[in-house]
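Okay, structure first, notes after.
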Amino acid sequence: MSLTFSPQDELGLDCPDFSLPGVDEHVHSLAEYKNGKPLVVMFICNHCPYVKAVEDRLIQLGHDLKKLSVNLVAICSNDSTDHPEDSFEGLQQRAKEKNYPFPYLHDETQEIAEEFGAVCTPDFFVYDKNLKTAYRGRMDDSWKDASKVTKRELFEAVQLLLQNKPLPQKQIPTMGCNIKWKES
């Protein structure tokens, strides 16, 4: 495990196009989410201790965003060679066990992670209603202990977008395990 921080990205970039198989046996693509609502894309996996530490909060985020009719998808891009729990079958099992309220997609080729510039798990990207990058930062202010969360930065960013209000330019990077890239 290598601790990695997401970079401070340039805002206003187009959401990369994607079309990936979901654990629900459907192919999900960017076209589904072109509905005038924000889109949250999170890169997660099953084995990462950082993702495990926030998994219940990811699920709560999914429920909260669904109430606001905001789109949320999770993508796993890890090479499952050394981490079989990140295989498609592993993703299906975990999503079913935890009853994920969002599509969980598999990026086996890792091309989508590269297009997004994802570097770690978890890694969050929030796009506005025009699918332009509006937020790239952490989910909240206490990755390790849910009881110490005082600020849900990602959720607050989405709320601002829904109100057509500007987001803070300073966004605190997320941190997690590096994406497990395939050997070339």
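Go through segment 81-96 and give me each residue that's part of a loop (DSSP other than H, G, I, E, B), in contact (Cβ under 8 Å) with a residue 12 or more places away in the chain and either closer than 18 Å to GLU111 by Cα or among the charged types (D, E, K, R) (or both).
If the condition is that a residue be part of a loop (DSSP other than H, G, I, E, B), in contact (Cβ under 8 Å) with a residue 12 or more places away in the chain and either closer than 18 Å to GLU111 by Cα or among the charged types (D, E, K, R) (or both), then THR81, ASP82 are the ones that fit.
Tell me, please, whether a residue that is in a loop (DSSP other than H, G, I, E, B), of a type in the set (Phe, Trp, Tyr), touching a residue at least 24 places away in the same chain (Cβ under 8 Å) and surrounded by 16 or more Cβ atoms within 10 Å (Cβ to Cβ) can be found in segment 144-157.
No; the residues of segment 144-157 include none that is in a loop (DSSP other than H, G, I, E, B), of a type in the set (Phe, Trp, Tyr), touching a residue at least 24 places away in the same chain (Cβ under 8 Å) and surrounded by 16 or more Cβ atoms within 10 Å (Cβ to Cβ).
Among residues belonging to segment 134-184 that are β-branched (Val, Ile, Thr) and modelled with pLDDT under 95, point out the one that is farthest from HIS106 (Cα to Cα).
Filtering first and then ranking leaves ILE172.
Could you list all residues from segment 97-123 that are among the hydrophobic types (A, V, I, L, M, F, W, C), outside any loop (DSSP other than H, G, I, E, B) and touching a Gly at 6+ places or on another chain (Cβ under 7 Å)?
LEU105, CYS120 - these are the residues of segment 97-123 that are among the hydrophobic types (A, V, I, L, M, F, W, C), outside any loop (DSSP other than H, G, I, E, B) and touching a Gly at 6+ places or on another chain (Cβ under 7 Å).
What is the number of the single condition among (1) surrounded by fewer than 14 Cβ atoms within 10 Å (Cβ to Cβ); (2) of a type outside the set (Lys, Arg); (3) in a helix (DSSP H, G or I) that ASN130 does not meet?
Result: ASN130 fails condition (3) only.
The values are calculated or read from the model by the stated rules, or taken from the named source; none is laboratory data. It should be emphasised that the depicted structure is a prediction, and the values quoted were computed from it without experimental measurement. Here Cβ is always computed from backbone atoms with ideal geometry, including for glycine, and neighbour counts include all displayed protein chains.
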